[in-house]
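Report on the structure given below.
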Amino acid sequence: MGRTFTAAAVQASYVLMDREKTTDKVIELIGTAAGMGAELIVFPEVFVPGTPIWIDSVPVWHGDEEWFARLADQAVVVPSPTTDRIAAAAREASAYVVVGIDEREPHGSTIYNTLLYFGRDGQLLNKHRKLMPTGSERTVWGMGDGSMLDVVPTDLGRVGGLICWENYMPLARFHQYSQGVEIWVAPTLAPGDAWIATMRHIAREGRMWVIGVNPCLRADQIPADFPDRDRVWPVNDAEYGEWVEHGNSVICSPNGEIVAGPLRQEEGILTAEIDLAAVASGRRLFDPVGHYHRPDVFQLSVDTRARHAVNLVTDDTDPDVTPA
């Protein structure tokens with residue numbers, strides 16, 4: 001059944017395309033949230049080193065080469081000194097930390113929208129890459145695969161979830177439900193009341209706690225020395241406005257009620273007391289993969305194999321290969 005604990009949704013601004021300064025903020029905010037009693041601390045989507053905001057402010061393929069090059073340079077390799085620093089902060093706080101990053105392979109240029117799960121001992125417990133970037137996101141992020149859809153068992157409960165509009169993928173949700181997820185994290189960039197309704201629906205559908213967390217960034221927080229700063233987000237253009245990321249963080253209970261938030265147009269940390277007994281009691285009425293599922297009618301097949309660009313076949317791995 002677990003126990004009652006405090007969870008935190010950290011709505012904050014990043015330092016656009018600056019990995020080190022944004023990681024400094026992550027470390028500081030982990031300490032702040034832990035000081036509020038949080039044992040599970042969740043950060044927004046691609047928080048380190050921030051959202052490639054130009055995908056919504058300039059035409060596709062028109063002069064974004066320098067920005068993408070900066071994203072590739074500042075993206076996070078896993079593992080790396082950046083992940084080591086976050087791991088150390090989680091260990092110092094004795095808290096589970098979930099943080100969104102722009103990730104790349106050590107020798108790659110494709111960027112992935114990735115979620116990292118750190119244990120309270122600082123160990124990297126899980127890595128999830130967003131399965132399907134949305135719309136203009138496909139100009140900067142590659143696609144994840146089915147090998148990174150695991151739910152993480154912890155001493156607080158079973159933690160899982162999806163990134164932004166992945167949450168609209170019914171089969172991805174069902175796969176996570178089948179793994180017994182109890183605390184659902186939903187880092188996102190999505191604004192507005194419709195997203196809050198989605199968070200409430202998922203909480204009620206899965207009968208679990210849902211932590212939705214957004215970044216919050218004003219146009220005047222874009223670094224003054226950012227390349228083509230006035231073009232990446234036109235500060236004085238009424239169409240774009242003061243806010244680049246409005247924030248929209250919320251925490252919902254297993255019956256779909258809002259227990260914290262939504263928090264908008266300000267930085268802050270939402271907290272809620274998480275009681276897993278509410279998950280069990282909620283599933284007495286509706287368990288989407290238990291007594292309210294019909295496996296005789298509906299079956300889901302999930303391919304959890306990793307997809308690699310190259311699969312090496314050697315004498316050691318394939319006994320049928322004859323040496324040349």
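May I have the convex hull volume per residue, in Å³, for the Cα set of segment 1-152? List each step's numbers first, then the result.
Details: hull volume 17.4 nm³, N = 152.
Taking the convex hull of the Cα positions in segment 1-152, it is 115 Å³ per residue.
First check a/c for segment 53-117, with a ≥ b ≥ c the square roots of the eigenvalues of its C-alpha gyration tensor; if it is under 1.5, answer rounded, and if not, answer prolate when a/b is larger than b/c or oblate otherwise. List each step's numbers first, then the result.
Values: a/c = 3.26, a/b = 2.18, b/c = 1.49.
The shape class here is prolate.
Taking a ≥ b ≥ c as the square roots of the Cα gyration tensor eigenvalues, with a/c under 1.5 meaning rounded and otherwise prolate when a/b beats b/c, else oblate, which class fits segment 226-298? Mind dumping the intermediate values first?
Values: a/c = 4.51, a/b = 2.29, b/c = 1.97.
It is prolate, given that a/c is not under 1.5 and a/b is the larger ratio.
Based on alpha-carbon atoms only, what is the radius of gyration of segment 162-254 relative to the globular estimate 2.2 N^0.38 Å? Let's see the in-between values first.
On the way: Rg = 16.6 Å, N = 93, 2.2 N^0.38 = 12.3 Å.
Normalised Cα radius of gyration, segment 162-254: 1.35.
Among 254, 79, 49, which one shows the biggest mean-square fluctuation in a GNM of the chain, springs joining Cα atoms closer than 10 Å?
Among 254, 79, 49, the largest mean-square fluctuation in the Gaussian network model of the chain belongs to 79.
Output the relative contact order of the chain, whole-number percent, from Cα pairs under 8 angstrom with separation of 6+ residues. Write out the running numbers ahead of the final one.
Numbers: 705 pairs, mean separation 64.3, N = 324.
Worked out over the chain, it gives 20 percent.
Where does the chain land at 222 nm, in deg cm²/dmol rounded to the nearest 500, when only DSSP H runs of n ≥ 4 count, each adding -39500 (n - 2.57), divided by all residues? Can you show the working numbers first?
On the way: 7 runs with 77 residues, N = 324.
-7000 deg cm²/dmol, from helical runs alone.
Which one is right for this structure if P(r) over Cα pairs in 10 Å bins from 0, in percent is calculated from it: (1) 5, 25, 30, 22, 13, 4, 1, 0, 0; (2) 6, 26, 34, 22, 9, 3, 0; (3) 6, 23, 26, 19, 12, 7, 5, 2, 0?
From the options (1) 5, 25, 30, 22, 13, 4, 1, 0, 0; (2) 6, 26, 34, 22, 9, 3, 0; (3) 6, 23, 26, 19, 12, 7, 5, 2, 0, the structure gives (2).
Excluding same-chain residues fewer than 8 positions from residue 21, which aspartates and glutamates have a Cα within less than 18 Å of its Cα?
45, 73, 84, 102, 103, 220, 225, 267
The numbers here are math on the coordinates, done by the rules we state, and not lab data. The structure presented is a predicted model; accordingly, all values stated were derived computationally and were not measured.
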